[in-house]
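Q: So that we are looking at the same thing, I have put the structure below in structure tokens.
Derivation of every value follows stated rules applied to the coordinates shown; laboratory data play no part. If you're wondering where the values come from, they're calculated on a predicted model, not measured in any experiment. Neighbour counts are summed over all protein chains in view; Cβ atoms, including those assigned to glycine, are modelled from backbone coordinates with ideal geometry.
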Amino acid sequence: MVTTLFGDNQDYRLLSRSRTTLLGSWSLWEGSDHFVQMEVLGFQETHQRFYFDDIRAFTLRATNRGFWMHLFLGGLTVAAAGVGLRWSNPGSGRTVDWILLALAVSFALAWLVHAILGPTCVCHVITPVQNARLRALGRIRSARKILFHLTYRAELVQGPVSEDLLLPGAAPAVTSEVRLTPRPDVQVPLDKVGAGSTLLRVVVTSLALLNAAFLSGFLIWDSYALRVVQLFLTVTLLGVGITCAATSRAAGVLFRRIGWALFAVDGLVFLLWYAYGVYMTSISRPPRAAFEVNFAWDMLRTSPHTSTFWFWVVAVNAVFSAVVGFIGLASLVLPERRR
């Protein structure tokens, strides 16, 4: 029972958790015959009521905001981790080392949370007198559930409609308990595309082919520059993989699987590389000093020309990157099959 926000003797149920940004916070509340969007900007609070009998359409449009946030948070994570690996001294106990570690972990956690929340979107509700944005809904996964429920509520009030009146391409609305055919004026468009954008496909394809080329060259020639490029491409593909997996808006699409594969393989390669560098340090220096060295330098000492194990790690990674690159190239060149 909410009495202070919407008046006395009115039952409201919270539909969405408050979505907070730098501008303010928004949330959705469900009433008996309408729902309310509550907006809080500083000390100012406003409400928008939308009656189910007046609703003409809900719209859901995917955006690239999540993709750019992935690049931003991923860049901060990689930069903080790189600075920490290059200039920190974990065994010294200095305050600056703990600050660098805390920054890297904080950015990584923020990046992980952003990936778990899923792709971003913009939602609107259309009535005879307005086209209002539902700012409380910013993620596709949660927005679909809430819009399907609101569609169902509007359908109950406005009544069913014949299937002959459905708009071309309209898909049935699905709730957790009811499966309905939406009215032409109360529908939620379903986005079934794969990766978040064509740009992301080009980035994945280009980086995978470039990584395969550098790794193949690394198996033939050995240089410090190639090791630096390999480390950079491994970390970059690690970030691109999780970005591709998170921005693919269907569970079974090709690029979502490629994204998780890139994340898993390059993450494993990075962990093996880091562990191998620590192992080399531990056998070449006193154990007490093993935690006081620059691990980035020890990682860059690892070469497939001096280690059979690392030769096969690089070879398998090169083959995998080539396969991913050619699959991405085929998806860009060949015409897509219509569902």
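Q: Okay, which of the range 53-82 sit inside 18 Å, backbone N to the point 7 Å along the Cα-Cβ direction of E39?
A: 59
Q: While we're on this one: Explain nothing, just compute: Karplus ³J(HN,Hα) = 6.51 cos²θ - 1.76 cosθ + 1.60, θ = phi - 60°, for every residue of the range 311-325 in order, whole Hz, x for Gly and Pro.
A: My calculation for the range 311-325 gives 4, 6, 4, 5, 5, 5, 5, 5, 5, 4, 5, 5, 4, 4, x Hz in order.
Q: Which whole-Hz couplings ³J(HN,Hα) result when phi for each residue of the range 75-83 is put into the Karplus expression 6.51 cos²θ - 1.76 cosθ + 1.60, θ = phi - 60°, listed in order with x for Gly and Pro?
A: x, 5, 5, 5, 5, 5, 5, x, 5
Q: Sequence-distant or interchain residues sharing an amide H contact under 5 Å with T63, placed H: which?
A: T120, C121, V122
Q: Taking amide H positions as placed 1.01 Å from N in the peptide plane, with prolines and chain starts having none, which residues 5 or more places from A57, or on another chain, fall under 5 Å of its amide H?
A: Long-range HN contacts for A57: I126.
Q: Further question on the same structure: Starting from the amide H of L15, placed 1.01 Å from N in the peptide plane, find each other amide H under 5 Å away whose residue is 5 or more places distant or on another chain.
A: Distant-sequence amide H within range of L15: L28, W29, E30.
Q: Sticking with the crude label model, points 7 Å out along Cα→Cβ, report the distance from V122 to R56 in nm, one decimal please.
A: 1.9
Q: With θ set to phi - 60°, apply the Karplus curve 6.51 cos²θ - 1.76 cosθ + 1.60 along the range 45-52 and write out the HN-Hα couplings as whole Hz, x wherever there is a Gly or Pro.
A: 10, 10, 10, 10, 9, 10, 7, 4
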